[in-house]
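This report refers to the structure that appears directly beneath it.
The values are calculated or read from the model by the stated rules, or taken from the named source; none is laboratory data. Owing to the predicted nature of the structure, the values given are computational and were not obtained by experimental measurement. Heads up, the Cβs are rebuilt from the backbone with ideal geometry, glycines too, and the neighbour counts pull from every protein chain shown. Side chains included, ligands, DNA and RNA excluded: accessible areas come from the protein's heavy atoms. Shrake-Rupley method; radii C 1.70, N 1.55, O 1.52, S 1.80 Å.
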Amino acid sequence: MDLNDPELKAMLALHEGQLRQGPGSRRTTELLLSLAGPLPEEPRVLDLGCGPGASALVLAERLPGARITAVDVHAPFLRRLEEHAREAGTADRITVREGSMDALDDLPDGSVDLVWSEGAAYTVGFDRALGLWRRLLAPSGALVVTECGWIVDNPSEEARRFWDAAYPLRSTAANIAAATAAGYTVTAAYLLPDSDWLDSYYAPLEADALRVDASDPYAAAAAEGALREAELYRAHGHEYGYMGYVLRPA
């Protein structure tokens with residue numbers, strides 16, 4: 001990921017005002033956390049692709065004994081997370097780490113009780129993420145990861161054309177098979193509801209997209225892409241969705 005790429009910079013700038021950079025909600029985070037238990041009283045948590053902390057802040061609240069390391073490549077997201085953590089009184093339990101979620105070689109094997117990644121694994125590839133993060137889990141640990149995929153057997157040409165260009169999707173069965181092959185047992189799979197896309201993610205994103213500086217070609221292109229993606233979901237969201245997977249070492 002080249003953070004100096006002007007298209008990527010424009011996309012990140014568009015998302016800087018958002019609490020979430022992908023579909024999700026507090027309710028979904030809490031539900032997935034309940035499915036990931038039981039955990040130790042003082043779990044070691046790694047939130048990968050944390051953004052400004054939508055998940056990390058909920059985890060810190062719901063796991064009062066947790067020590068959370070929140071990882072993201074984009075420093076402005078991390079600064080906002082630190083600000084929110086101070087406001088919530090959880091700053092002493094959340095440590096931010098600027099860097100990629102695929103650059104974790106310094107972390108010992110079996111050193112994490114809960115690896116968490118909502119809406120971010122695609123940036124390194126789902127299969128690659130599963131392989132990289134497996135060694136980090138303690139024997140009784142859990143990985144919670146969300147991944148977009150097809151939820152119908154025969155998606156429309158418009159939806160397939162969009163996703164084939166952006167990030168080729170697979171079925172839930174194929175993603176479960178990939179997790180099993182990577183050394184996990186799949187203990188839960190939960191389809192995120194429409195509200196996690198339309199209310200929590202697209203509504204605030206579209207509002208910001210309509211306010212961008214149209215004279216900046218990169219900002220305008222990022223805004224146009226966000227608006228087009230939201231419209232695609234309204235038309236074809238019944239064909240694809242984010243699935244939350246709860247995985248444990250096999």
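Structure notes:
Yes/no per residue for (1) outside any helix (DSSP H, G or I); (2) of a type in the set (Ser, Thr, Tyr); (3) touching an Asp or Glu at 6+ places or on another chain (Cβ under 7 Å):
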residue: Ala165; (1), (2), (3): no, no, no
residue: Glu206; (1), (2), (3): no, no, no
residue: Ala220; (1), (2), (3): no, no, no
residue: Glu224; (1), (2), (3): no, no, no
residue: Leu227; (1), (2), (3): no, no, yes
residue: Arg234; (1), (2), (3): no, no, no
residue: Gly244; (1), (2), (3): yes, no, no
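- Given (1) under 25 Å from Arg27 (Cα atoms); (2) in a helix (DSSP H, G or I), index of the condition Tyr190 fails: (2)
- Qualifying residue in the range 164-172 (condition: open to solvent by 20 Å² or more (accessible area, probe 1.4 Å) and over 19 Å from the mean Cα position of the chain (by Cα)): yes
- The set of residues in the range 110-126 that are touching a strand residue (DSSP E or B) at 6+ places or on another chain (Cβ under 9 Å) and open to solvent by 50 Å² or more (accessible area, probe 1.4 Å) contains only Tyr122.
- Single residue of the range 138-160 satisfying the filter (part of a loop (DSSP other than H, G, I, E, B) and not hydrophobic (A, V, I, L, M, F, W, C)) that is farthest from Tyr245 (Cα to Cα): Ser156
- Matching entry among Thr95, Thr69 (being open to solvent by 10 Å² or more (accessible area, probe 1.4 Å), touching a Lys or Arg at 6+ places or on another chain (Cβ under 7 Å), part of a strand (DSSP E or B) and without any contact (Cβ under 8 Å) to a residue 60 or more places away in the chain): Thr69
- Qualifying residue in the range 98-107 (condition: free of Cβ contacts under 8 Å to residues at least 40 places away in the same chain, closer than 21 Å to Glu16 by Cβ and not in a helix (DSSP H, G or I)): yes
- Taken over the range 127-145, the criterion of being open to solvent by 10 Å² or more (accessible area, probe 1.4 Å) and either under 15 Å from the mean Cα position of the chain (by Cα) or charged (D, E, K, R) (or both) is satisfied by Asp127, Arg128, Arg134, Arg135.
- Looking only at residues in the range 178-193 that are under 20 Å from the mean Cα position of the chain (by Cα) and of a type in the set (A, V, I, L, M), the one that is most open to solvent (accessible area, probe 1.4 Å) is Leu191.
- Residue that is farthest from Glu83 (Cα to Cα), among those in the range 20-58 that are part of a loop (DSSP other than H, G, I, E, B) and open to solvent by 50 Å² or more (accessible area, probe 1.4 Å): Pro38
- From the options Val45, Val73, residue that is closer than 22 Å to Arg135 by Cβ and in contact with a Phe, Trp or Tyr (Cβ under 7 Å, 6 or more places away or on another chain): Val45
- Annotation note: of Asp213, Asp199, the sole residue that is open to solvent by 70 Å² or more (accessible area, probe 1.4 Å), part of a loop (DSSP other than H, G, I, E, B) and not polar (S, T, N, Q) is Asp213.
- Gly17 falls short of the stated requirement of being open to solvent by less than 10 Å² (accessible area, probe 1.4 Å), in contact (Cβ under 8 Å) with a residue 12 or more places away in the chain and in a loop (DSSP other than H, G, I, E, B).
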